[in-house]
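**Q** Please read through the structure below; I'll follow up with questions.
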Ligand code: AMP
């Protein structure tokens, strides 16, 4: 039996109702803050993540699903180059009926050579294969037998065109009467390294640059979708997981650097979690400074690590050399007492960064969003600057971060774009759903009415009634005329329907139907036109 791959899972009803509840609420909140949706591809060039997330992060170093998208043969390019070279000799007969019948065989050109008064079928292929030779031979047979009028008096020649390097590399192939032509030039696109997105900010910033979104001023974008990381699966940690995220990005002149944007994002998140009924969340807040502060801080960290790093885990020993900040990502318990003694970024912020951070805090206090300063919080991605944050929740255990985010003022430039300071976050939707106090049952809409067709020919009538009722936004489920009434009642109550509606021959004739309220047990006969109102009224 084939099962879902480890670290992935099926989301099934009724749980999907919770996911839909979350996504609908999230979209409402985004609308209130004037965010608009962006959808980027789920895979990108590997370079994008290496350059933005950072080579030294766990994500890029160990967790990406990356593959080599091998070289591809570009047959159109070869066809065009070859046709150009043969222009004087080629007479295209597009639109002739036999062309449509031999094209499916893979014949890409049918030409008329005046010089030899012959017809020629041509294939353009990356290699010499018996399949393409057979296709050519078959095309000729089809042409001769089905279109003898057109082809009767002309010899039909067969030609297989391949890149010349293929001919020189291949042993001689016996080809009956197919002429093999090696054509000069390179018709293979080079291979590309591709990666399933491990996060979505890089893709959004790539799109920002590619589509010159700065022309629109400040962009407030949000996304909802799957992300992929090859992590060790455990509760709340999957290899395909879902993120809901948002970014505010734009040129500095549009106010994208302002601490007011940081505060707006954080206040949005508080609103969102409250709206969803997530209780006891905690906002952990830090500033990781700007590149200047970081240089001085990294230096201090290196110095502090030098005498102690020998006692730390292998990962930390590597990080101490390549990117000391990442030492704070360490989860090894034995290393924690050492990490506690290390200098903190908060001591290294320059004046503008310190001021920026203070202003964020002032706005948060004025709007009443509680937070906890946590100067160990440096976040797992390299692109962050200044404000960095996480929202945690006790119910999630070891994987207690529901969401994380921060400012990334230099990211656009590092990807070759213009200056475009930004701030964003990503909520782990899987974890958010785990942290919800609501049950799937509470958010799922049950059928308003279950229609029970009674007896032969009643499926038709039931279908008509269902169609009428559904037009009134009534949730209808349907039985089957082969079911006994008892069985229909059982199904209706299992589904949690509020009413059962009985559709028998007598009811159809009378134009009035037995409607039974399954909660109160009350049963009434309701004329057809009054059914929607009666059902909606409960
Ligand atoms: P990050 O992009 O690492 O800051 O992650 C943002 C949020 O995504 C985290 O706070 C988690 O809630 C969620 N997340 C990250 N990795 C996973 C994973 N492997 N499985 C489930 N959720 C995840």
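Every number in this text was worked out from the coordinates using simple rules, so none of it is lab data. Values in this document were obtained by computation on a predicted structure and should not be read as measured data. Note: ideal-geometry Cβ built from the backbone for every residue, glycine included; neighbour counts use all protein chains shown.
**Q** Closer than 30 Å to residue 9 by Cα, in contact (Cβ under 8 Å) with a residue 60 or more places away in the chain and assigned to a helix (DSSP H, G or I), is that true of residue 272?
**A** For residue 272, the condition - closer than 30 Å to residue 9 by Cα, in contact (Cβ under 8 Å) with a residue 60 or more places away in the chain and assigned to a helix (DSSP H, G or I) - is met.
**Q** More than 16 Å from the ligand (Cβ to nearest atom), outside any loop (DSSP other than H, G, I, E, B) and either under 23 Å from residue 249 (Cα atoms) or touching a strand residue (DSSP E or B) at 6+ places or on another chain (Cβ under 6 Å) (or both), is that true of residue 321?
**A** No: the conditions fail for residue 321.
**Q** Among the residues of the stretch 497-516, is any out of contact with any strand residue (DSSP E or B) (no Cβ under 6 Å at 6 or more places or on another chain), farther than 21 Å from residue 455 by Cα and loosely packed, with under 15 Cβ neighbours inside 10 Å?
**A** no
**Q** Tally the residues that are more than 25 Å from the chain's Cα centre (by Cα) and buried (at least 17 other Cβ atoms within 10 Å of the Cβ), restricting the search to the stretch 213-262.
**A** The total comes to 8.
**Q** Then there is this: Which members of the stretch 43-55 meet the condition of being in a loop (DSSP other than H, G, I, E, B) and more than 15 Å from the ligand (Cβ to nearest atom)?
**A** 55
**Q** Can you name the helices (runs of 4 or more DSSP H) wholly within the stretch 365-465 that have at least 1 residues being free of Cβ contacts under 8 Å to residues at least 60 places away in the same chain and within 30 Å of residue 11 (Cα to Cα)?
**A** 440-443
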